Structure formats: structure tokens, C-alpha cells
Amino acid sequence: MGNIHEVISVSKLCVAGAGTVTLQIAYYMKPMIIVYKVFPFEYFIAKPFFITPYIGLVNKLADKMIVPELLMCRNNYAWLANQAVQLLNDVQKRQVCISELTMLMDSIGKTGASEHAAEEISKLLNE
């Protein structure tokens, strides 16, 4: 994992688990698919406690679906492959994703990013 920035920078598409790596990928304006694998029992137990429709930080910060994401409790590799093919081959979908990532990074990466991050965290805690 020591070369993560080099790997992201030369990638056309990234597949990531939900977490801070999604922000690293967004920094490079690379389309991505967020997949978070859980066991069906864990999903069943946790589902009533979900307070956000998004599992990825990128989508949560944007408060909309910028990149496809799936909380995968079954092996839904067909969905993953379909999303990957779309983001690699559909020029318009790819460009919309890159544009949305650029706007997000511009909004959270400007001067005062620490204050902005604190505001966003405060909003999340107050939901």
C-alpha cells in the first residue's frame, strides 16, 4: 500500500472500500466504485440503524450519488462488473463523474479545509 498515490494516479478506474481512500481517489479526480462487503447477518442487524443513504465519504460529503456504491451482503459481482464497464466505456457517464469529483474537491479542498471538515462532522453528529 506504500505506492497508493502512484497506483491511483495511473488508474482509469478504482474500486475501493468505504473509507478515507475514497477521498484520496477523489483528489486525483478518478472515477471509482465503492463496495463495502458485509455478511448477510451483519447487514440484517445493522440495517435499522443506517442514518445515511451513502456508505462512501465522497457521496456523503456531496450529499448525492457521485460514484456508484454498494453495501454488498451477497456476491453481486455482476453489478460490480456492469458499473466498471459503464465507467470505463460510457464517455458521458465518466465525464460527469470526473466533473462532480472536481466540484467536490474544489469545495472541500479550499483554504479553511479544517474548518470546513469540522462543520461537516458537526452536521453529521447532529443528524
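If the condition is being of a type in the set (Val, Ile, Thr) and touching a Phe, Trp or Tyr at 6+ places or on another chain (Cβ under 9 Å), then the range 51-84 contributes only Ile55. Taking the range 1-93 and the helices (runs of 4 or more DSSP H) fully enclosed by it, no element has 3 or more residues that are among the charged types (D, E, K, R) and within 25 Å of Asn126 (Cα to Cα). Looking at this structure, is Lys30 surrounded by 11 or more Cβ atoms within 10 Å (Cβ to Cβ), modelled with pLDDT of 95 or more, among the charged types (D, E, K, R) and under 24 Å from Glu6 (Cα atoms)? Judged against the criteria, Lys30 is a match. Would you check which residues across the range 56-83 are under 30 Å from Ala118 (Cβ atoms) and at pLDDT below 90 and list them? Hit for the range 56-83 is Leu71, nothing else.
Any chance you could count how many residues in the range 94-121 are among the small types (Gly, Ala, Ser) and assigned to a loop (DSSP other than H, G, I, E, B)?
The qualifying residues number 2.
Cβ-Cβ distances below 6 Å connect the following pairs, each with a first residue in the range 53-68 that is within 15 Å of Val15 (Cα to Cα), a second residue that is part of a loop (DSSP other than H, G, I, E, B), and a separation of six or more residues or different chains: Ile55/Ala18; Gly56/Ala18; Val58/Ile66; Val58/Val67; Asn59/Met65; Asn59/Ile66.
Going by the conditions given, is Asn76 closer than 15 Å to Ile33 by Cβ and either β-branched (Val, Ile, Thr) or in contact with a strand residue (DSSP E or B) (Cβ under 7 Å, 6 or more places away or on another chain) (or both)? Taking the combined requirement at face value, the residue satisfies it. With the condition kept exactly as written, say whether any residue in the range 106-117 is closer than 27 Å to Lys47 by Cα and free of Cβ contacts under 8 Å to residues at least 60 places away in the same chain. Within the range 106-117 (the criterion being closer than 27 Å to Lys47 by Cα and free of Cβ contacts under 8 Å to residues at least 60 places away in the same chain), the answer is yes, since at least one residue qualifies.
Checking each residue in the range 1-27 for being in contact (Cβ under 8 Å) with a residue 24 or more places away in the chain and either more than 11 Å from the chain's Cα centre (by Cα) or exposed (fewer than 12 other Cβ atoms within 10 Å of the Cβ) (or both) picks out Lys12, Leu13, Thr20, Tyr27.
The values are calculated or read from the model by the stated rules, or taken from the named source; none is laboratory data. These figures come from a predicted structure and were not determined experimentally. Neighbour counts are summed over all protein chains in view; Cβ atoms, including those assigned to glycine, are modelled from backbone coordinates with ideal geometry.
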